[in-house]
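**Q** Before I ask anything, let me first share the structure, which is written out below as structure tokens.
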Amino acid sequence: MKRRLRYHVAVSLDGFIAGPNGEYDWIVQDPSIDFGALFKQFDTAVMGRKTYELLIAEGGHGAMPGLEVVVFSRTLPAATYPGVRIFNDDPAKIVTALKAKQGRDIWLFGGGILFRSLLDAGLVDTVEVAVIPVLLGAGIPLLPPGAATKLVLADQKTLPASGIVALSYSVPGGVGPAPGIRYIKAAKVRAKKGKGTGKSPKRAVARKRSQTRKR
């Protein structure tokens, strides 16, 4: 199967992926989410400038262990750092080239504006959201206004401990179908592991980077 471009994000019940100032502290934790299993499904993460700036706020150049980070920006200068490349080129052109290469799936890490541009270009294959039981009232939307796109449900799971609902959709015409939700640990595994693993993707990235620096 060809590589899929997968928009995989947490979203509030009222449709925001971040607060008005990029806050993500509203994303609740759930011990059943195995971010190690999730990260292993990808080898590349693509993102816009604002999402990238949240990563570099944790220190360094935004490298994500195990992933090649590709950043699209009209204001940051083009640059290459260990594990990170910043482009000023058309995102659709770069993503098309990435999808043509051999490898694991590509994680569209954020944000909404980049999602809209790649969706309009016909490059997004799946939309996978973890709906967080919170109403933000304002913030950065999952998707800016534009043309409508119908989706096909591939899988769904409800996490009773946190109230999170995980949804996986295929985009018609894309490389599909969308994968099943395989990053939720079974109840017996959760009991053995204990709590503290169900962090948000951005928090999981920060923890992984910290562990890598200590080695």
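Throughout, read-outs are computed from the coordinates displayed, never taken from laboratory work. All values reported here derive from a predicted model rather than from experimental measurement. Here Cβ is always computed from backbone atoms with ideal geometry, including for glycine, and neighbour counts include all displayed protein chains.
**Q** Report, to one decimal in Å, the Kirkwood hydrodynamic radius for the range 22-122 based on all distinct Cα pairs. Walk me through the numbers on the way to the answer.
**A** Values: mean 1/r = 0.0691 Å⁻¹.
Result for the range 22-122, one decimal place: 14.5 Å.
**Q** Evaluate the charge dipole of the chain about its Cα centre and quote only its size in Debye, nearest 20, assuming +1 on the Cβ of each Lys and Arg and -1 on the Cβ of each Asp and Glu. Spell out each step's value before the answer.
**A** Values: 32 positive and 16 negative charges, 207 e Å.
For this selection, approximately 1000 debye.
**Q** 222 nm [θ] for the chain, helices only, -39500 (n - 2.57) per DSSP H run of 4+, per residue, to 500?
**A** Numbers: 6 runs with 53 residues, N = 215.
Helix contribution divided over all residues of the chain: -7000 deg cm²/dmol.
**Q** Just for the chain, what percent of DSSP beta bridges are antiparallel, to the closest 5? Let's see the in-between values first.
**A** Working: 20 of 44 bridges.
Rounded to the nearest five, the antiparallel share is 45 percent.
**Q** Still on this structure: Taking H as built 1.01 Å from N, whose amide H comes closer than 5 Å to the amide H of A18, not counting residues under 5 places away?
**A** Amide H neighbours of A18: I140.
**Q** Using θ = phi - 60° and the Karplus curve 6.51 cos²θ - 1.76 cosθ + 1.60, what whole-Hz ³J(HN,Hα) does each residue of the range 96-105 get, with Gly and Pro shown as x?
**A** For the range 96-105, the Karplus curve yields 4, 5, 5, 5, 7, 7, 6, x, 7, 5 Hz.
**Q** With the cut-off at 20 Å, tell me which of the pairs K99/K185; K40/K93; K2/K185; K40/K101; K40/K99 have Cα atoms farther apart than that. Please report the intermediate quantities before stating the final value.
**A** Working: K99/K185 29 Å; K40/K93 25 Å; K2/K185 27 Å; K40/K101 18 Å; K40/K99 17 Å.
As for pairs spanning more than 20 Å Cα to Cα, those are K99/K185; K40/K93; K2/K185.
**Q** Can you work out the Karplus-derived ³J(HN,Hα) for every residue in the range 77-88? Use 6.51 cos²θ - 1.76 cosθ + 1.60 with θ = phi - 60°, whole Hz, and x for glycine or proline.
**A** So the Karplus estimates, Gly and Pro as x, are x, 4, 7, 10, 10, x, x, 9, 10, 10, 10, 9 Hz.
**Q** Counting other Cβ atoms within 10 Å, which trypsin sites (Lys or Arg not before Pro) in the range 1-78 have at most 14 and lie in a DSSP loop?
**A** Hits after loop and neighbour filter: K2, K40, R74.
**Q** Follow-up question, since we're still on this one. Taking the inverse of the average 1/r across all pairs of different Cα atoms in the range 1-70, what Kirkwood radius in Å do you get? Numbers along the way, then the final one.
**A** Details: mean 1/r = 0.0713 Å⁻¹.
Taking every pair of different Cα atoms in the range 1-70, averaging 1/r and inverting gives 14.0 Å.
**Q** Now for a separate question. Putting +1 on Lys and Arg Cβ atoms and -1 on Asp and Glu Cβ atoms, find which of F72, G139, I106 reaches farthest to the positive end of the dipole of the range 5-214.
**A** So the residue we want is I106.
**Q** Once phi is turned into θ = phi - 60°, what whole-Hz ³J(HN,Hα) does the Karplus curve with 6.51, -1.76 and 1.60 give for every residue of the range 163-178, x standing for Gly and Pro?
**A** Per residue, the Karplus-derived 3J(HN,Hα) values read x, 5, 10, 9, 10, 10, 10, 8, 8, x, x, x, 6, x, x, 5 Hz.
**Q** What aspartates and glutamates could a cross-link reach from K157, if we take a straight Cα to Cα line under 17 Å and drop same-chain neighbours fewer than 8 places away?
**A** D30, D34, E128
**Q** Enumerate by residue number the trypsin sites (Lys or Arg not before Pro) in the range 101-169 meeting two conditions: DSSP loop (anything except H, G, I, E, B), and at most 12 other Cβ atoms within 10 Å of the site's Cβ.
**A** Values: sites: K101, R104, R116, K150, K157; in loops: K101, R104, K150.
Passing sites in the range 101-169 are K101, K150.
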